[in-house]
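I have placed the structure first, in the form of C-alpha cells, so that the comments after it can refer back to it.
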Protein chains: 6
Amino acid sequence: LIYITRRFNFSASHRVYNPNLSDEENLKIYGKCSNPNGHGHNYIMDVTVAGEIDTETGFVMDLTELKDIVNKDIIYKVDHRNLNTDVDFMKGILASTENLAIKFWEQIENKVKTNKRRLHSIKIQETINNSVEYYGKSKQGK
Amino acid sequence: LIYITRRFNFSASHRVYNPNLSDEENLKIYGKCSNPNGHGHNYIMDVTVAGEIDTETGFVMDLTELKDIVNKDIIYKVDHRNLNTDVDFMKGILASTENLAIKFWEQIENKVKTNKRRLHSIKIQETINNSVEYYGKSKQGK
Amino acid sequence: LIYITRRFNFSASHRVYNPNLSDEENLKIYGKCSNPNGHGHNYIMDVTVAGEIDTETGFVMDLTELKDIVNKDIIYKVDHRNLNTDVDFMKGILASTENLAIKFWEQIENKVKTNKRRLHSIKIQETINNSVEYYGKSKQGK
Amino acid sequence: LIYITRRFNFSASHRVYNPNLSDEENLKIYGKCSNPNGHGHNYIMDVTVAGEIDTETGFVMDLTELKDIVNKDIIYKVDHRNLNTDVDFMKGILASTENLAIKFWEQIENKVKTNKRRLHSIKIQETINNSVEYYGKSKQGK
Amino acid sequence: LIYITRRFNFSASHRVYNPNLSDEENLKIYGKCSNPNGHGHNYIMDVTVAGEIDTETGFVMDLTELKDIVNKDIIYKVDHRNLNTDVDFMKGILASTENLAIKFWEQIENKVKTNKRRLHSIKIQETINNSVEYYGKSKQGK
Amino acid sequence: LIYITRRFNFSASHRVYNPNLSDEENLKIYGKCSNPNGHGHNYIMDVTVAGEIDTETGFVMDLTELKDIVNKDIIYKVDHRNLNTDVDFMKGILASTENLAIKFWEQIENKVKTNKRRLHSIKIQETINNSVEYYGKSKQGK
C-alpha cells in the first residue's frame, strides 16, 4: 500500500452556533465564532487515497481524476460560499470543522473506491493553528 | 532608519459587490466573490514601522505597544466579523482588500507616529495567492 | 473517532549535553548543540486529541479548554525559558526533543482524558528540518 | 516508541511517461507531465525513524548519522539530476513520486535498521499540492 | 498608489550553462546546476501591479484579467517545460533566474499598463532559499 | 539593476536586557524576553544584493560566493551560540533584532561590494510574527 495526498483550498464563511440555543448560550459555548453575522476562513483540505501502484501508469490514482471528483462534489459547493446556508449536504448540521470532515468524506468515499484503492483520510485546516482529521467509520485509530 | 514588522491574523467574512449594481452585474464584475451569502478568509496583515533605534531599549518601537494599538483599533473590530456589516470604519465602503488596507492605515497612522518613527506600510494577504500593500498618501512608490 | 489538532508555539533556549560526560565527549556526541552557553529555537508543537463528536456542540473538544490546559501546564513553563534550568518537569533530564515530547505528554495526558476523548499525539518541530512525534506508552505504532 | 523525522530537499527534472506507449498515448495519460523535454520540481522529503530513546544520548538516532545515510544513498544521486537518465536505482522505472518513494525506501531501509530502531516512513512532496507516503511492505496501513 | 500582488506557480527544468564554454568550465562556474541532463524547480512568481483604486470596483486591477495575461504569456509557455529548449522568448538566453525575471517582465509590461496602473515588480523564488526581484529598466532602486 | 536574495537560518539564544538597569526594570521594559536564563529562536535571515547582471554568467553574483561570505562572517559566529556572550561583534550591544541587523550589515557590506553590485538589505525574522529590515546608513527609505 502507498498513500497519495492532494491538497485543495476553499474560502468560505460560517457561523458556529446551535440554533436550539439562545445567542447568549451560543456566545458562552462558541465565543466569537458565534457572532451573528458570521466570519470566514481559507480552508486547506488534504485528501489522502491508499492503494496499490498501477504498474502501467506508476500511479495509485490519476490525480486529475481525484481532482475532478473532489472539485465537483465538494469544492464547487463550498468555495466562496456560506457553509450555513449555501451547501446542500450541510443543511441542518452544525458547521464545525469536525462535521465538515465527516460530510466531505460521505460525498466522495464511494467515488474514490475501486478494488485497488480507497479513501484513507480527509484533513482540514481551518486556520494555521486548528485542524481536524477523519479516517472514516471503519477505522478506529490512525 | 530601520524597519520593524509585526504580523497579525484575523478571520472575517465579506461579500465583494457594489450595492448600486444588480446581482447579475456584480456577478459579471466580481464572479464568485459576489455570491449573495458571502464567503470568508484568514487574512494575514503585516504592519511595518520605520524609525530610529532607541539607544536605551535597542528597539525602534516596543512591539507590545504596537500590538496593543493594532489589536484595539483594527483586530478587535474585524476578527470573526462580517466586513460588510460589522465594522464601523468600513460602513458604505466596498470590502476589497485594497480598501481594507487604506482604512486600516487611517485607523492607526497617528497612533504609531512620534518624532522618531512613523507607519511605513500595511500589507494584507487575503489568500496565499493574493495580497495588497499600502504605503500611505505621501509616498508614491515603494 | 475523529482527530483534532491545536498548534502551539514557544521560544526557548537549551544546551544538549550529558552532565556525566566531559565537554569534549559532549562535543563529539552532540556537536554544536553542546556549545557551553546554549542556543535556542522557535518550537512548534501540535497537540492532537482523538474522540467522538459531542452532538450538542459539534466538537470533539472545546479548543479553548485545550488551550487553557496546554498553556497552563506546558507553554507558560517553557516559553521564553531555558529548558535546562527553568522547567520543573525537565530537571535532571537531557533536553532533547524526544524527552520534551514525553514529558509534555505526561503533563497533560490525564487532564485531556474523559470517557469520550484522549490525548492522541504530541508532535514537536525543533527546526523546519527536525521533528519528533510521541503517541504515549500504550500505542506501539502510528 | 517515538518517531523522529528529518526533512531533506532536492531539485530534479523528470518526464513522466511510459516508453512502451506513443507520445500521443502518454499525453493522454500523463498530460503536460509527459512533455518530451521534461520539467522539474523542488522535492521535499521527510524521512521518519521509529525507535526507543537511547538513555545515554536522549536520542532515537543521531540525526547526523541519518543525514549522512540519506545524503550518500539518495540526495547525492538525485539532487540537480534528471530522474529518468541519471539515477542508477531508477533505471527502467517510471519516475512517478510513488515509485521514487519505494525506491528511496529500498536504498536506506537496512542502513537505518538496528535492534532499537527502524525506518518508519518516507514522505515526498512533489509540489505544494501533491505528496506520497510509503511505510514499507510489511505495514499495510498508517 | 496601492500595490496588488498575484502569486503564480510553475514547474520547469533547466540546465544553467554557457554554451560557449566547455563542460569543465561550466562545472567550475555553475557547479551541479550545469549537470548535462538538467534538473528542475517549482518556481513561485509574485507579480506586483501599482496603481490607483478604481472607485467603481474597489480594485487596482481585476485579478482575473491579470491572471489571464500572465497565464497566456508566461505560465502556459514555461509550466512543465524545459526552459532551455521549449520557451520561445528564452531562446539563446542563459536560463538563470535573473534572466527569467527580465524576460517575463518584457512579456507582460505593456499588457498590464494603462493610464491608471503599471507593472511594478516581478519576484521569482527558485527555491526556498534563492529568489530574484526585478523592477524594470526605469527604476534604479526598490 | 536586479535584486537577488539568499536565505540563511541560524538558531541562537539571547536575553534581551539592559545591564545598566535592575532585573525589575528590565522585566518592565522587555517582559519575558528579559528572563535571566535566556530563551532562543530559529532566526531566518534574507540577504539581498543589488547589481547588474554579468553577461557571461547570467548572474548578479555567484550565490556560492555570497554563501561563503555570510557563512564565514555571520552564520559561523552566531549559529548554535548565545548572542549575549559568544559573538565578538555583539559584545556590549543589546541583542535586539534591530541591533543584529545593523551589526550583520557591518560584517559583510564591504565584502559584497564591487563596482557592479552592493549589499541592498538584510531582513531578519525572529519569529513568524516579528521581523526587522535594514538598508544601510545611506538609504533613508525602502
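The values are calculated or read from the model by the stated rules, or taken from the named source; none is laboratory data. Keep in mind the model is a prediction, meaning the values are calculated, not measured. Glycine also receives a Cβ, built like all others from the backbone with ideal geometry; neighbour counts cover every protein chain displayed. These area figures cover heavy atoms from the full protein model, side chains too; ligands, DNA and RNA do not enter into them. Shrake-Rupley method; radii C 1.70, N 1.55, O 1.52, S 1.80 Å.
Can you tell me the accessible area per residue over the protein assembly as shown, all protein chains present, probe 1.4 angstrom, in square angstrom? Write down the numbers at each step before the final one.
Values: 36790 Å² over 852 residues.
With the other protein chains kept in place, the protein assembly as shown gives 43 Å² per residue.
How much of F:ARG81 can a 1.4 Å solvent probe reach, expressed as accessible area in Å² and rounded to 10?
Approximately 70 Å² of F:ARG81 is accessible to the 1.4 Å probe.
Let me know the charge dipole size of the stretch A:9-142 about its Cα centre in debye, to the nearest 20, where only the beta-carbon of Lys, Arg (+1) and Asp, Glu (-1) is charged.
240
At a probe size of 1.4 Å, how large is the accessible area of C:ILE128, to the nearest 10 Å²?
100
In whole angstrom, how far apart do the alpha carbon centroids of the stretch A:48-99 and the stretch C:1-64 sit?
Between the Cα centres of the stretch A:48-99 and the stretch C:1-64 lies a distance of 33 Å.
So, counting K/R as plus one and D/E as minus one, what does the shell of residues with Cβ under 13 Å around E:ASP54 add up to?
Neighbourhood net charge equals -3.
Could you give me the ³J(HN,Hα) list for the stretch C:119-132, computed from phi with Karplus coefficients 6.51, -1.76, 1.60 and θ = phi - 60°, whole Hz, x at Gly and Pro?
5, 9, 7, 10, 10, 10, 9, 7, 9, 4, 9, 10, 8, 9
Using only Cα positions of the stretch C:1-121, each an equal point scatterer, no hydration layer, compute I(q)/I(0) via Debye at q = 0.12, 0.18 Å⁻¹ and quote the log10 values to two decimals.
Relative scattering, expressed as log10 I(q)/I(0), comes to -0.51, -0.91.
Below 8 Å between Cα atoms, with a sequence gap of 6+, how large is the relative contact order for the stretch C:12-90 in percent? Present the calculation step by step, with values, prior to reporting the outcome.
Working: 63 pairs, mean separation 27.2, N = 79.
Dividing the mean separation by the residue count of the stretch C:12-90 yields 34 percent.
Inter-copy label distances at F:ASN37, 7 Å along the Cα→beta-carbon direction, one decimal in nm, shortest first?
Label-point distances to the other copies, shortest first: 1.8, 4.9, 5.4, 5.4, 6.0 nm.
Quick one: Cα convex hull volume of the stretch F:28-81, Å³ per residue?
Details: hull volume 6.0 nm³, N = 54.
Looking at the stretch F:28-81, the number lands at 112 Å³ per residue.
May I ask you to evaluate 6.51 cos²θ - 1.76 cosθ + 1.60, the Karplus curve with θ = phi - 60°, for each residue of the stretch D:54-62 and list the ³J(HN,Hα) values in order in whole Hz, giving x for glycine and proline?
After applying 6.51 cos²θ - 1.76 cosθ + 1.60, I find 6, 5, 6, 9, x, 10, 6, 7, 5 Hz.
Which far-off residues, 5 or more places away or on another chain, put their amide H under 5 Å from the one on A:PHE59, with H placed in the peptide plane?
Amide H to amide H, under 5 Å and 5 or more residues apart or across chains, A:PHE59 pairs with A:ASP54.
Compute the signed sum of charges (Lys and Arg +1, Asp and Glu -1) over the other residues within less than 12 Å, Cβ to Cβ, of B:ASP73.
On the way: positive: B:LYS67, B:LYS72, B:LYS77, B:LYS103, B:LYS111; negative: B:ASP68, B:ASP88, B:GLU106, B:GLU109.
With Lys, Arg at +1 and Asp, Glu at -1, the neighbours total +1.
Using θ = phi - 60° and the Karplus curve 6.51 cos²θ - 1.76 cosθ + 1.60, what whole-Hz ³J(HN,Hα) does each residue of the stretch B:40-53 get, with Gly and Pro shown as x?
With coefficients 6.51, -1.76 and 1.60, one gets x, 8, 8, 7, 10, 10, 10, 9, 10, 10, 9, x, 8, 6 Hz.
Probe radius 1.4 Å, ligands and nucleic acids ignored: give me the carbon and sulfur share of the accessible area of chain A as a rounded percent.
Working: 2830 of 6120 Å².
Here carbon and sulfur together make up 46 percent of the probe-accessible area.
Could you list which residues have their amide H under 5 Å from that of A:ALA12, counting only those 5 or more apart in sequence or on another chain, with H placed in the peptide plane?
Correct list: A:HIS41, A:TYR43, A:HIS80, B:GLY40.
Counting pairs of alpha carbon atoms under 8 Å apart in space and at least six apart in sequence, what relative contact order in percent does the stretch F:48-96 give?
Relative contact order of the stretch F:48-96: 17 percent.
Can you give the FRET efficiency for B:LYS113 and D:ASN20, using 1/(1 + (r/R0)^6), R0 = 56 Å, r = Cβ-Cβ distance, to the nearest 0.05?
Values: r = 70 Å, r/R0 = 1.25.
Efficiency at R0 = 56 Å is approximately 0.20.
Can you list the distances in nanometres, one decimal and ascending, from the D:THR114 label point to the identical position in each other copy, with the point 7 Å along Cα to Cβ?
4.3, 4.3, 4.8, 5.5, 6.6
Among B:THR55, B:ASN35, B:MET45, flag the residue with its Cα farthest along the positive direction of the charge dipole of the stretch B:25-65, charges on Cβ as +1 for Lys/Arg and -1 for Asp/Glu.
B:ASN35
Which value, in debye to the nearest 20, gives the size of the charge dipole of the stretch E:25-95 about its Cα centre, when Lys and Arg are +1 and Asp and Glu are -1 at the Cβ? Kindly include the intermediate steps, with their values, before the conclusion.
Working: 7 positive and 12 negative charges, 149 e Å.
Dipole about the Cα centre, nearest 20: 720 debye.
Within 10 Å of each Cβ in peptide E:27-39, how many partner chain Cβ atoms are there on average? Round it to a whole number, please. All intermediate terms of the calculation are to be shown ahead of the outcome.
Details: counts 0, 0, 6, 6, 4, 5, 4, 1, 7, 3, 9, 12, 16.
Counting other chains' Cβ atoms within 10 Å and averaging over E:27-39 gives 6.
How big is the D-C contact in terms of buried accessible area, both chains counted, 1.4 Å probe, rounded to the nearest 100 Å²?
On the way: alone 8660 and 8670 Å², together 15600 Å².
That pair of chains buries around 1700 Å² in total.
Sort the protein assembly as shown into rounded, prolate or oblate with this rule: let a ≥ b ≥ c be the square roots of the eigenvalues of the Cα gyration tensor; rounded if a/c is under 1.5, and if a/c is not under 1.5, prolate when a/b is larger than b/c, oblate otherwise.
On the way: a/c = 1.01, a/b = 1.01, b/c = 1.00.
It comes out rounded by the Cα gyration axes.
How well do other chains shield peptide B:89-97, expressed as the mean number of their Cβ atoms within 10 Å of each residue Cβ? The partial results should precede the final answer.
On the way: counts 0, 0, 0, 0, 1, 6, 1, 7, 6.
Mean partner shielding for this stretch: 2.
Using Cα pairs closer than 8 Å and at least 6 residues apart in sequence, work out the relative contact order for chain B, in percent.
Values: 235 pairs, mean separation 41.0, N = 142.
Result for chain B is 29 percent.
Of F:LYS72/F:LYS113; F:LYS91/F:LYS137; A:LYS123/D:LYS123; C:LYS103/D:LYS111, which sit over 19 Å apart, Cα to Cα?
Exceeds cut-off: F:LYS91/F:LYS137; C:LYS103/D:LYS111.
Rounded to the nearest 500, what is the 222 nm mean residue ellipticity of the protein assembly as shown from helices alone, with -39500 (n - 2.57) per DSSP H run of 4+ residues and division by all residues?
Result for the protein assembly as shown, helices only: -7000 deg cm²/dmol.
For the stretch D:10-58, what class follows from the C-alpha gyration tensor (a ≥ b ≥ c being the square roots of its eigenvalues): rounded when a/c is under 1.5, otherwise prolate if a/b is larger than b/c, else oblate?
Details: a/c = 5.73, a/b = 3.32, b/c = 1.73.
It comes out prolate by the Cα gyration axes.
Once a ≥ b ≥ c are taken as the square roots of the eigenvalues of the Cα gyration tensor of the stretch C:67-142, is the result rounded (a/c under 1.5), prolate (a/b larger than b/c) or oblate (a/b not larger than b/c)? Could the numbers behind the result be given before it?
On the way: a/c = 1.79, a/b = 1.28, b/c = 1.40.
Since a/c reaches 1.5 but b/c is at least a/b, the shape of the stretch C:67-142 is classed as oblate.
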